[in-house]
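Please read the structure below before turning to the comments.
Derivation of every value follows stated rules applied to the coordinates shown; laboratory data play no part. Please read these numbers as outputs of a predicted model, since none were measured by experiment. Cβ atoms come from the backbone with ideal geometry, glycine included; neighbour counts cover every protein chain shown.
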Amino acid sequence: MPHSSNTKARRAHAIVIGGGIAGLLHAHVLSRHFDRVTLIERDQVPEGPTARAGAPQGHHIHVLLTHGYRALTRFFPEFDELLDRHGAPRFDWTRDTAWFLAGGWIKRGASGMVSRLASRPLFEWAIREAVGARGNVRMISGHAVTGLRADPGDNGRVRGVETRPHGAGPHDPETLDEATRTADLVVDASGRGSKVEDWLAALGYPCAPTIDVDAHLGYATRLFKIPEDHDADWTVLYITASPPGLPRAGALSPIEGGRWIVTLVGYNRDYPSTDEDEFLEFARSLAAPDIYETIKHAEPLGPVRGYRRTANRVRKFESMPRWPAGFVCSGDAVCALNPVYGQGMTNAARAAEVLDAFLSDKKRGRALDARACAAFQRRLAKSNQIAFMLATADDFRWPETEGTPPRGLKLVHRYMDRVFKGTHRDADVTRRLIAVVHFLLPPTSLLHPRVLRGGRRERG
Ligand SMILES: Cc1cc2nc3c(=O)[nH]c(=O)nc-3n(C[C@H](O)[C@H](O)[C@H](O)COP(=O)(O)OP(=O)(O)OC[C@H]3O[C@@H](n4cnc5c(N)ncnc54)[C@H](O)[C@@H]3O)c2cc1C
């Protein structure tokens, strides 16, 4: 629903840079506050749910945490139906996941923390379909944004973007018209490889400080056909790494099309191989052999694919001394996380919720001036804090992780070890842990007497 008429002068057109999950979700939110929204994506976006060059992570497992799932079904009432059309399974995180953690299997039990299992291309396709159905969002593919346009007469307010057809040379003409490239608000959601520093530098802004934490984690993923006679009491298998000795982990999940997606990861530069036999050997070497046992005779569908760009990086825009009016940055372009904790899409949804609240805020969101846009970056930074803390706290368990650990982390690790052991005995501890990791409860809720006691032993 577009905005009310008294804000019309300032809320005519918004541009989103990047058509990944964050870009699409931000475009959806903006469509509720602006007359029209233009989303500009560099890739030629495929018609159906298939992987594309600009989102190479699409070949790897993508879990949707419960908060993310709830946000997406709230944003898009048709989300489930779109996934149903392709046969994406549903599951309960604490009942249907067999999770080997800290030397034992977690106690399972239903929790209502449910979500869907799908490939990332299907998640993205479903969101794109839903956003496309909003009458006032125009999606342009095959065009790269090459810079921001500012208005020198209005204190350098950002007024739009420069674009180029993807693959064209620097001197080739623009093909997007003036009205398409001019906006009241530009949102950069172009991912961890965003050129936002260069764009801001070209307008005279200093470089934002960054925080980098790199656990040197590598991925290898392969798809398998689910055998017709497959029968197990779990839907998803998850074998966690065991610090400090065993830096290897793996996950197996059903996705649409009767397939399993199997992702193996190694911290500390212990990268899983993309060689078929070595991939299987790596699976066999995990803390529990269950993934290996499940796939060793299954029919592979396609090659093993690798991926290694997994460092955590936060661009601290909230601490910039100056920030332009008419521009904000979000998604992985602000906070890219080690993907092994499965937070990215959910964090993008949380960022979209922050933008929605910000634009609904009569005082701050209306003007879109420099102070208001800087205030958005501060709100977003606050929202990103938990995800970054959860991801990096675990990364620092590995000796080769680069970055500066926060003080007191050893104590946190010792406490978390107690929580992990508690999950072996007590399904309530499992539920609490999952609720924290899925952004449903604050981390402090793990300081519960039952958790402190190491859980309650249960029968069975
Ligand atoms: C290996 C891996 C596994 C992951 N697993 C999970 C998981 O299990 N669960 C989860 O929730 N998240 C996971 N993630 C993270 C998740 O993919 C992202 O965090 C999330 O999708 C949000 O990303 P984004 O939209 O901000 O950026 P991206 O997905 O990087 O999208 C950015 C988009 O911008 C486009 N673009 C870039 N530059 C320009 C330009 N100049 N002009 C126009 N367009 C441009 C790109 O083509 C791309 O489409 C994983 C990531 C990786 C790398």
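Things worth noting here:
- For the stretch 388-458, GluC sites (Glu not before Pro) are listed when DSSP marks them as loop and at most 13 other Cβ atoms sit within 10 Å of their Cβ; the list is E400, E458.
- Globularity index of the stretch 206-359, i.e. its alpha-carbon radius of gyration over 2.2 N^0.38 Å: 1.28
- Estimated vicinal HN-Hα couplings, Hz - the stretch 139-156 in sequence order (Karplus 6.51, -1.76, 1.60; Gly, Pro = x): 10, 10, 9, x, 10, 9, 7, 10, x, 9, 9, 10, 9, x, x, 10, 6, x
- Sparse packing (at most 14 other Cβ atoms within 10 Å of the Cβ) combined with a DSSP loop state is found for the following GluC sites (Glu not before Pro) in the stretch 146-243: E228.
- Hits among lysines - C-alpha to C-alpha of K296 under 21 Å, sequence gap 8 or more where chains match: K225
- Derived scalar couplings ³J(HN,Hα) [the stretch 33-41; Karplus, 6.51 cos²θ - 1.76 cosθ + 1.60; whole Hz; x for Gly, Pro]: 10, 10, 4, 9, 10, 10, 9, 10, 10
- Against the compact-protein benchmark of 2.2 N^0.38 Å, the Cα-based radius of gyration of the chain scales to 0.99.
- Its relative contact order, with pairs defined as Cα atoms under 8 Å and 6+ residues apart, puts the chain at 19 percent.
- Principal semi-axes of the equivalent ellipsoid, √(5λ) from the alpha carbon gyration tensor of the stretch 304-383, are 27, 14, 9 Å from largest down.
- Cα-Cα separations in the stretch 409-452 greater than 18 Å, expressed as whole percent: 17
- Aspartates and glutamates with Cα under 19 Å of K410, excluding same-chain neighbours fewer than 8 positions away: D214, D394, D395, E400, E402
- Checking the Cα-Cα distances for K195/K316; K195/K363; K316/K362 against a 23 Å cut-off, the pairs over it are K195/K363; K316/K362.
- Euclidean distance of C-alpha centroids, the stretch 265-303 and the stretch 96-156, integer Å: 27
- Percentage relative contact order, the stretch 89-183, counting C-alpha pairs under 8 Å, at least six apart: 17
- About the centre of its Cα atoms, the chain shows a dipole size close to 2080 debye [charges on the beta carbon of Lys, Arg (+1) and Asp, Glu (-1) only; nearest 20 debye].
- Tensor-based shape of the stretch 338-453 (alpha-carbon gyration tensor, a/c under 1.5 rounded, otherwise prolate or oblate): prolate
- Among 204-212, 424-432, the peptide with the highest mean count of other Cβ atoms within 10 Å heads the list, and the full ranking is 424-432, 204-212.
- Loop sites in the stretch 346-415: trypsin sites (Lys or Arg not before Pro), DSSP, at most 10 other Cβ within 10 Å: K362, K363, R407
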